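K.L.:
Can you keep this structure in mind? I'll have questions shortly.
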Amino acid sequence: MLRQDLIAYLHDFLQVGDYKDYAPNGLQVEGKAEIKRIVTGVTACQALIDAAVARNADAIMVHHGYFWKSEPVEIVGFKQKRIKSLLVHDINLLAYHLPLDGHPELGNNAMLGKLWGLEDMTPQPGLLRLGKLPEAQPIETFLATVSASLNRPALHLPGGPEKVQTIAWCSGGAQGYIDQAIAWGADVYISGEVSEQTTHLAAEGAIHYLAAGHHATERVGIKALGEHLADTFGLEVEFVDIANPV
């Protein structure tokens, strides 16, 4: 598949133009013109690039790429090493941040809702999602479901009812949305990270907060997107999970 055709397809499929993001979405580093083999992963770290080189990949597709608004513009240190590795091996780097969080079918948040068996996942403005369990269940049962589904123990900050049914969630570093989850009357709010004040907000807001891991909550979207490309275009796609406990 030609690089420009893949980029055009993903731009439309992920509705990239609808998002104002913190980094460029789409092609970030140009490699070979024809793409047959893609390695997907959460973050374009050196370990993922090395894995792509070992697999003779034509492209790497990630959720967390480069050129964030807050980072230094100089290409030195580990950034120079990463980009040099891509250029030397003629590997394309594609990154999709907020569009991959928000996609209604294959986005991180959509996939998490499916993973946890949630229903009535009515679309909400922005990235935050709201859904319901088929039946109310003890918080301990739902906590075990979340932890098992992401293969890591979720940190539980208690505050909500003994039995839970209404769930709000947003992948990654979205603990700040807990106020909106409280306003919606959710029994549980789930995100990837946690801040010092989150403990008090959960207790005072009568809501359970689960910090399920930034990396863990954002594996599902990029993996699903890669599988979609393999099924749609016959590309060879492999998800490589570089372990990250955060």
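Quick note: the coordinates plus some simple rules give every number you see, no bench work behind them. Everything numeric here is computed off the predicted structure, so don't read it as measured data. All Cβ positions, even for glycine, are placed from backbone atoms using ideal geometry, and neighbour counts span all protein chains on display.
K.L.:
Specify the residue with the greatest mean-square fluctuation among I167, I83, I60, computed from a Gaussian network of the chain linking alpha-carbon atoms under 10 Å apart.
P.N.:
I83
K.L.:
So what's the back-of-envelope 222 nm ellipticity for the chain, counting only DSSP H runs of four-plus at -39500 (n - 2.57) apiece and dividing by all residues, rounded to 500?
P.N.:
Numbers: 10 runs with 89 residues, N = 246.
So the calculated ellipticity at 222 nm is -10000 deg cm²/dmol.
K.L.:
At a threshold of 8 angstrom on Cα-Cα distance, excluding pairs fewer than six apart, so keeping six or more, what relative contact order does the chain reach in percent?
P.N.:
Once normalised by length, the contact order is 20 percent.
K.L.:
Loop sites only, by DSSP: take the trypsin sites (Lys or Arg not before Pro) in the chain that have at most 15 other C-beta atoms within 10 Å and name the longest stretch containing none of them.
P.N.:
For trypsin sites (Lys or Arg not before Pro) (loop position, at most 15 other Cβ atoms within 10 Å), the longest site-free span of the chain is 70-246.
K.L.:
Where both residues lie in the chain, what percent of DSSP beta bridges are antiparallel, nearest 5?
P.N.:
Antiparallel: roughly 40 percent of the beta bridges in the chain.
K.L.:
In the chain, which longest range has no GluC sites (Glu not before Pro) that are both DSSP loop (not H, G, I, E or B) and surrounded by at most 16 other Cβ atoms within 10 Å?
P.N.:
That gives 106-161 as the longest site-free run.
K.L.:
Fully extended, how many nm does the chain gain between T232 and S85 (0.36 nm per residue separation, minus their Cα-Cα distance)?
P.N.:
50.0 nm
K.L.:
Taking the Cα atoms of the range 108-214, what is the range of coordinates along each of the three principal axes, in descending order and whole Å?
P.N.:
The Cα atoms of the range 108-214 stretch 29, 29, 25 Å along the principal axes, largest first.
K.L.:
Another question about this same structure. For the range 1-153, take the convex hull of the Cα atoms, compute a quarter of its surface area, and give me that in nm², please.
P.N.:
For the range 1-153, averaging the hull's shadow over all directions gives 10.9 nm².
K.L.:
Let me ask you something else. Considering only C-alpha atoms, what is the centroid distance from the range 173-237 to the range 72-135, in Å?
P.N.:
11 Å
K.L.:
To continue, here is another question. Please arrange S191, S171, S70, S149 by counting, for each residue, the other beta carbons lying within 10 Å of its beta carbon, fewest first.
P.N.:
Final ranking by Cβ density, sparse to dense: S70, S149, S191, S171.
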